[in-house]
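To start, the structure itself, in structure tokens.
The values are calculated or read from the model by the stated rules, or taken from the named source; none is laboratory data. In this text, all values refer to a predicted model and were calculated from it rather than measured experimentally. As a convention, Cβ positions derive from the backbone with ideal geometry for all residues, glycine included, and neighbour counts pool all protein chains shown.
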Amino acid sequence: MGTILVTGSLGQIGTELVPLLVKKFGPSRVIASDVKSPNSDIFHEIEYVPLDVTNRDLVASTLKERSVTEVFHMAGILSALGERNPELAFMVNSVGTFNVLDSAMKAGVNRVMIPSTIGVFGKDTPRDNVPVVTVTRPTTMYGVTKVNAELLSAYFRSKFGLDVRGVRYPGIVSYKTPPSAGTTDYAVDMYYHAVAGKNYECYLKEDAALPMMYMPDALDSLMKLYSADEGRLRYTIDYNISAFSFDPRTLAESIRKVIPDFNVTYRPDYRQAIAETWPRSLDSTDAKIDWGFSPEYDLDAMTEDMIRNLSEMHLKSQPSR
Ligand code: SER
């Protein structure tokens with residue numbers, strides 16, 4: 001049994017994925033990596049290696065020297081940061097993904113998991129119930145680089161037989177590690193503010209509906225796809241998945257069912273322009289058929305769980321009297 005390498009282990013998904021992989025496969029099989037260093041001992045049970053995915057030689061040598069057989073390539077620059085730093089987005093999302101795929105192919109890696117995103121869609125894509133195969137002409141740097149990652153993954157799969165799998169994630173809501181500079185992050189921010197007893201000023205318009213899901217379902221989906229029979233997979237990293245769609249107003253209403261005096265004001269900024277190029281809802285049928293995608297949480301169940309967990313964290317962080 002070989003080694004599983006996770007890139008981007010300190011990101012929103014990586015920090016929750018690593019412990020899940022450790023639980024499932026044991027600490028000796030999992031290596032965490034990120035361009036940053038962990039500032040606590042969150043990965044104390046397992047080996048951690050610093051890894052900048054834009055460094056091709058380092059990616060290649062890491063895979064070879066550590067006998068890596070599976071890669072979860074979670075390193076990525078999200079949409080809002082990508083607009084502020086397009087070169088970084090290109091280097092990490094496009095060049096970094098090429099480096100991982102090329103090195104994986106050359107090192108004989110068995111399977112590579114790479115998340116894609118609703119960011120691959122653009123203004124020419126239908127807004128509702130979007131299927132997997134549709135127009136993907138994004139106008140954000142994030143989208144451009146992720147379409148590139150999708151095409152590269154399909155290329156390495158068909159040309160070299162590399163087993164590459166992934167999903168187009170919608171906005172992901174979670175409480176353990178805040179997301180880094182995405183357009184859908186307002187949803188996480190809104191919960192943080194509500195639990196801290198603060199009002200929230202939202203950078204999207206109140207009716208900016210986007211596809212979303214809760215982290216436990218995002219992780220469960222990735223693992224379902226990871227374990228699926230390869231022969232059943234009709235797509236590469238472009239499986240649409242979404243648990244539900246909501247806009248900021250609907251999310252605020254869901255939060256008010258638990259925290260009635262929570263208040264949101266709206267001041268749209270450049271992220272509204274990004275959101276307007278993305279679909280309101282996705283068709284996840286292909287993921288259901290091919291590998292059994294079945295999210296558990298609906299919006300209110302997610303809200304209850306988020307608020308319960310964030311409240312516990314909030315209480316722990318208060319100085320004791
Ligand atoms: N959450 C991502 C973003 O907002 C979308 O995949 O950038």
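Which condition number does Leu225 fail, the rest of (1) within 16 Å of the ligand (Cβ to nearest atom); (2) under 22 Å from Asn93 (Cβ atoms) being met?
It fails just one condition, (1).
Please state which one of Gly108, Gly143 is crowded, with 23+ Cβ neighbours inside 10 Å, modelled with pLDDT of 95 or more and of a type outside the set (Phe, Trp, Tyr).
Values: Gly108 fails: crowded, with 23+ Cβ neighbours inside 10 Å.
Of Gly108, Gly143, the one residue that is crowded, with 23+ Cβ neighbours inside 10 Å, modelled with pLDDT of 95 or more and of a type outside the set (Phe, Trp, Tyr) is Gly143.
Filter segment 286-321 down to residues that are outside any helix (DSSP H, G or I) and polar (S, T, N, Q) and give me whichever is surrounded by the most Cβ atoms within 10 Å (Cβ to Cβ).
We begin by selecting, within segment 286-321, every residue outside any helix (DSSP H, G or I); these are 292-298, 318-321.
Then keep just the ones that are polar (S, T, N, Q); that gives 294, 318, 320.
Working: Ser294: 13, Gln318: 7, Ser320: 5.
Looking at the filtered set, the residue picked out is Ser294.
Only residues that are crowded, with 17+ Cβ neighbours inside 10 Å and within 21 Å of Leu63 (Cα to Cα): list them for segment 14-28, please. Give the steps one after another, and end with the answer.
Here is the first cut: in segment 14-28, the ones crowded, with 17+ Cβ neighbours inside 10 Å are 14-19, 21-22.
Correct list: Gly14, Thr15, Leu17, Val18, Pro19, Leu21, Val22.
Among what's in segment 219-273 and is part of a helix (DSSP H, G or I) and β-branched (Val, Ile, Thr), pick the residue that is nearest to Leu101 (Cα to Cα). Spell out the reasoning first.
Filtering segment 219-273 down to residues part of a helix (DSSP H, G or I) leaves 219-227, 230-232, 248-256, 270-273.
Those left that are additionally β-branched (Val, Ile, Thr): 250, 255.
Numbers: Thr250: 40, Ile255: 41 Å.
Here the residue is Thr250.
Just for segment 61-84: of the residues that are among the charged types (D, E, K, R) and touching a residue at least 60 places away in the same chain (Cβ under 8 Å), which one is farthest from the ligand (Cβ to nearest atom)?
Step one: filter segment 61-84 for residues among the charged types (D, E, K, R), giving 64-66, 70, 83-84.
Retained after the next criterion (residues that are touching a residue at least 60 places away in the same chain (Cβ under 8 Å)): 66, 70, 83-84.
Values: Arg66: 29, Glu70: 23, Glu83: 10, Arg84: 12 Å.
The qualifying residue farthest from the ligand (Cβ to nearest atom) is Arg66.
Looking at segment 273-303 only, could you name the residues that are farther than 18 Å from Asn240 by Cβ, touching a residue at least 12 places away in the same chain (Cβ under 8 Å) and within 16 Å of the ligand (Cβ to nearest atom)?
Those that are farther than 18 Å from Asn240 by Cβ, touching a residue at least 12 places away in the same chain (Cβ under 8 Å) and within 16 Å of the ligand (Cβ to nearest atom): Ile274, Glu276, Met302.
Kindly evaluate Leu219 against the criterion of being under 21 Å from Thr277 (Cα atoms), in contact with a Leu (Cβ under 8 Å, 6 or more places away or on another chain) and away from the ligand (no atom under 14 Å from the Cβ). Lay out the reasoning, then the answer.
Numbers: under 21 Å from Thr277 (Cα atoms): no; in contact with a Leu (Cβ under 8 Å, 6 or more places away or on another chain): yes; away from the ligand (no atom under 14 Å from the Cβ): yes.
No: the conditions fail for Leu219.
Give the residue, chosen from Ser61, Ser37, that is surrounded by fewer than 19 Cβ atoms within 10 Å (Cβ to Cβ), out of contact with any Ser or Thr (no Cβ under 6 Å at 6 or more places or on another chain), at pLDDT 95 or above and more than 24 Å from Met141 (Cα to Cα).
Values: Ser37 fails: at pLDDT 95 or above.
Unique residue meeting the criteria: Ser61.
Which condition number in (1) farther than 30 Å from Thr69 by Cα; (2) surrounded by 22 or more Cβ atoms within 10 Å (Cβ to Cβ); (3) of a type in the set (Asp, Glu) is the one that Asp189 fails?
(2)
Suppose we keep only residues that are away from the ligand (no atom under 13 Å from the Cβ) and of a type in the set (A, V, I, L, M, F, W, C) within segment 149-167. Which one would you say is farthest from Gln12 (Cα to Cα)?
Phe160
Please pick out the residue among Pro170, Pro211, Pro179, Pro248 that is within 14 Å of the ligand (Cβ to nearest atom) and either under 21 Å from Val71 (Cβ atoms) or modelled with pLDDT under 95 (or both).
Numbers: Pro170 fails: either under 21 Å from Val71 (Cβ atoms) or modelled with pLDDT under 95 (or both); Pro211 fails: either under 21 Å from Val71 (Cβ atoms) or modelled with pLDDT under 95 (or both); Pro248 fails: either under 21 Å from Val71 (Cβ atoms) or modelled with pLDDT under 95 (or both).
Only one candidate passes the filter, namely Pro179.
Can you name the number of the only condition in (1) in a loop (DSSP other than H, G, I, E, B); (2) within 13 Å of the ligand (Cβ to nearest atom); (3) among the polar types (S, T, N, Q) that Thr134 fails?
If we test Thr134 against (1) in a loop (DSSP other than H, G, I, E, B); (2) within 13 Å of the ligand (Cβ to nearest atom); (3) among the polar types (S, T, N, Q), just (2) comes out false.
If you go through segment 230-252 one residue at a time, do you hit one that is under 20 Å from the mean Cα position of the chain (by Cα), among the acidic types (Asp, Glu) and closer than 26 Å to Asp128 by Cβ?
Yes, because at least one residue in segment 230-252 is under 20 Å from the mean Cα position of the chain (by Cα), among the acidic types (Asp, Glu) and closer than 26 Å to Asp128 by Cβ.
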